[in-house]
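Input: a single structure, listed below in structure tokens.
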Amino acid sequence: MTEPRRAYLGLGSNLGDRRIILREAVAAVPEVVAVSPVYETDPVGGPEQGAFLNIVVELETRRSPRELLELCRELEAAAGRVRVVRWGPRTLDVDVLLVGDEVVDEEDLTVPHPRMADRNFVMVPLLDLDPDLDVPGYDPETAIGAVTNLGPL
């Protein structure tokens, strides 16, 4: 059996009651050991749409990156996510950011998340949970997405 390890998921919502959607998603994951503050961010890329609420959750899990991706998809489906437009508005978006020190490069799954170092709305809450985390290429001055801390979930 795999030893438990730290994993991080990024969650965002910009449709419906965003805070409740995030709370329900976090409550559905039994391995959560920490939740970042909530950040409001303007959308990056995609069509015109409303602001997102973003958080990062820290897990202590034995799940593989693939099992975590399946969990992300289940959480999105439970929140009623419908994929119509790439990077369009969504009730819930959940991404696998890191799983221990594992590296995965598959068609539908890349770990560490390939664009997280470019996005303040991922990195700021991630670093709230693990300030000593070294993410190559992250520069808060050049990463996209201004963030506003709204406090705890």
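Residues T61, T41: which one is within 15 Å of the chain's Cα centre (by Cα) and of a type outside the set (A, V, I, L, M)?
Numbers: T61 fails: within 15 Å of the chain's Cα centre (by Cα).
That would be T41, the only listed residue that is within 15 Å of the chain's Cα centre (by Cα) and of a type outside the set (A, V, I, L, M).
The single condition from (1) in contact with a Gly (Cβ under 6 Å, 6 or more places away or on another chain); (2) buried (at least 20 other Cβ atoms within 10 Å of the Cβ); (3) within 26 Å of G100 (Cβ to Cβ) that R5 fails is (2).
Residue under question is I55, and the condition is that it be surrounded by 13 or more Cβ atoms within 10 Å (Cβ to Cβ), modelled with pLDDT under 95 and among the hydrophobic types (A, V, I, L, M, F, W, C); does it hold?
No; evaluated as a whole, the condition is false for this residue.
Only residues that are over 16 Å from A7 (Cα atoms) and either modelled with pLDDT under 95 or in a strand (DSSP E or B) (or both) were counted in segment 27-44, giving 7. So is V44 of a type outside the set (D, E), in contact (Cβ under 8 Å) with a residue 40 or more places away in the chain and within 27 Å of D101 (Cβ to Cβ) or not? No: the conditions fail for V44. Picking from residues in segment 8-26 that are of a type outside the set (G, A, S) and part of a loop (DSSP other than H, G, I, E, B), the one that is surrounded by the fewest Cβ atoms within 10 Å (Cβ to Cβ) is D17.
Among the residues of segment 72-111, write down those that are at pLDDT below 90 and not aromatic (F, W, Y). Walk me through it before giving the result.
Just the residues of segment 72-111 that are at pLDDT below 90, to begin with: 80-91.
G80, R81, V82, R83, V84, V85, R86, G88, P89, R90, T91 - these are the residues of segment 72-111 that are at pLDDT below 90 and not aromatic (F, W, Y).
Candidates E74, E60: the one that is among the acidic types (D, E) and touching a Pro at 6+ places or on another chain (Cβ under 8 Å) is E60.
Of the residues that sit in segment 101-127 and are among the charged types (D, E, K, R) and under 13 Å from the mean Cα position of the chain (by Cα), which one is farthest from P43 (Cα to Cα)? Steps first, please.
Taking segment 101-127 first, the residues among the charged types (D, E, K, R) are 101-102, 105-108, 115, 118-119.
Next, only the ones that are under 13 Å from the mean Cα position of the chain (by Cα) stay: 115, 119.
Details: R115: 15, R119: 11 Å.
Of everything passing the filter in segment 101-127, R115 is farthest from P43 (Cα to Cα).
Report yes if some residue within segment 133-153 is within 18 Å of E24 (Cβ to Cβ) and touching a helix residue (DSSP H, G or I) at 6+ places or on another chain (Cβ under 9 Å); otherwise report no. Don't jump to the end; show me each part of the working.
At the first step, the residues of segment 133-153 found to be within 18 Å of E24 (Cβ to Cβ) are 150, 152-153.
Keeping just the survivors that are touching a helix residue (DSSP H, G or I) at 6+ places or on another chain (Cβ under 9 Å) gives 150, 153.
Yes, that holds for at least one residue.
A single member of P114, P47 is at pLDDT below 95 and under 20 Å from R6 (Cβ atoms), and it is P114.
The values are calculated or read from the model by the stated rules, or taken from the named source; none is laboratory data. Because the structure is a prediction, the values reported are computed rather than measured. Note that each Cβ is placed from the backbone with ideal geometry, even for glycine, and that neighbours are counted across all protein chains shown.
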